[in-house]
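Here the structure is laid out as structure tokens; the discussion comes afterwards.
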Amino acid sequence: MGLLLGHVGMERAGNRRGAPPLYKKYNLGTTVFSALAGGLLTGKYNDGIPANTRFATHVENYKNTIDSLQKPEGQEKIRKVRELTRIAEELQTTTSALALAWVARNPNTATVILGASSPQQVLENLKALEVIPKLTPEIFERIETILDNAPEPPTNFGRPALDKFGRL
């Protein structure tokens with residue numbers, strides 16, 4: 001059984017306080033979509049909007065996203081992607097491959113849906129498989145520090161913790 005979630009480093013939708021305990025308790029895994037945050041985690045928007053990208057060729061469809069990248073919150077996201085890009089370079093890979101490997105390596109991820117607009121992008125995305133073994137605990141910690149949005153641990157509201165069968 002799985003949950004369909006947007007689980008990108010920037011947002012971690014659905015991975016807030018309530019979901020993580022369900023993964024273990026019910027042996028669930030997530031099916032992740034939009035793992036590259038609509039292309040933001042590729043690093044291609046680090047220095048503006050390049051020609052021949054979806055933001056450039058479909059401006060009206062992405063107007064809200066484009067506008068949001070100009071605001072302080074959007075600029076903060078780009079700053080984080082730039083820092084992730086430095087880690088990717090250290091690992092001799094791309095920002096895309098690093099981001100996809102980070103999502104795939106999450107113990108709660110069952111499947112990552114890859115989106116691509118060309119065969120070359122599919123091949124690029126699959127390079128994440130080569131990055132997974134490079135994700136040491138130190139690299140994970142650096143990524144978590146950059147993202148600074150780890151889900152809060154679940155609260156038990158003062159009740160004793162239960163085992164996976166709901167027993168004390």
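Miscellaneous remarks
- Residue tally, condition acidic (Asp, Glu) and over 18 Å from Ala128 (Cβ atoms), over segment 81-112: 1
- Selection from segment 111-142 of residues that are within 16 Å of the chain's Cα centre (by Cα), of a type in the set (Val, Ile, Thr) and under 30 Å from His58 (Cβ atoms): Thr111, Val112, Ile113, Val131
- Helices (runs of 4 or more DSSP H) wholly inside segment 48-136 that include at least 2 residues being charged (D, E, K, R): 63-70, 72-90
Condition check ((1) over 27 Å from Tyr23 (Cβ atoms); (2) touching a strand residue (DSSP E or B) at 6+ places or on another chain (Cβ under 8 Å); (3) modelled with pLDDT of 85 or more; (4) not charged (D, E, K, R)) across all residues:
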site: Ile78; (1), (2), (3), (4): yes, no, yes, yes
site: Ser96; (1), (2), (3), (4): no, no, yes, yes
site: Ala99; (1), (2), (3), (4): no, no, yes, yes
site: Thr109; (1), (2), (3), (4): no, yes, yes, yes
site: Pro119; (1), (2), (3), (4): yes, no, yes, yes
site: Glu130; (1), (2), (3), (4): no, no, yes, no
site: Leu135; (1), (2), (3), (4): no, no, yes, yes
site: Ala150; (1), (2), (3), (4): no, no, no, yes
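- Hey, Glu89 out of contact with any helix residue (DSSP H, G or I) (no Cβ under 9 Å at 6 or more places or on another chain), closer than 18 Å to Lys44 by Cα, among the charged types (D, E, K, R) and surrounded by fewer than 18 Cβ atoms within 10 Å (Cβ to Cβ) or not: no
- Filter result for Ile78 (among the hydrophobic types (A, V, I, L, M, F, W, C), over 20 Å from the mean Cα position of the chain (by Cα), over 23 Å from Pro133 (Cα atoms) and surrounded by 14 or more Cβ atoms within 10 Å (Cβ to Cβ)): no
Every residue, every condition in (1) surrounded by fewer than 18 Cβ atoms within 10 Å (Cβ to Cβ); (2) at pLDDT below 90, yes or no:
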| position | (1), (2) |
| --- | --- |
| Glu11 | yes, yes |
| Lys24 | yes, yes |
| Leu28 | yes, yes |
| Phe33 | yes, yes |
| Gly38 | yes, yes |
| Leu41 | no, no |
| Thr57 | yes, no |
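- Pair list, Cβ < 8 Å and 6+ apart or interchain, from segment 37-66 residues that are within 14 Å of Val81 (Cα to Cα) and free of Cβ contacts under 8 Å to residues at least 40 places away in the same chain to residues that are surrounded by fewer than 18 Cβ atoms within 10 Å (Cβ to Cβ) and among the basic types (Lys, Arg): Gly38/Arg54; Gly39/Arg54; Asn46/Arg82
The values are calculated or read from the model by the stated rules, or taken from the named source; none is laboratory data. Here the structure is a predicted model, which means the values were calculated and not measured. Every residue, glycine as well, gets a Cβ built from its backbone with ideal geometry; the counts of neighbours run over all protein chains shown.
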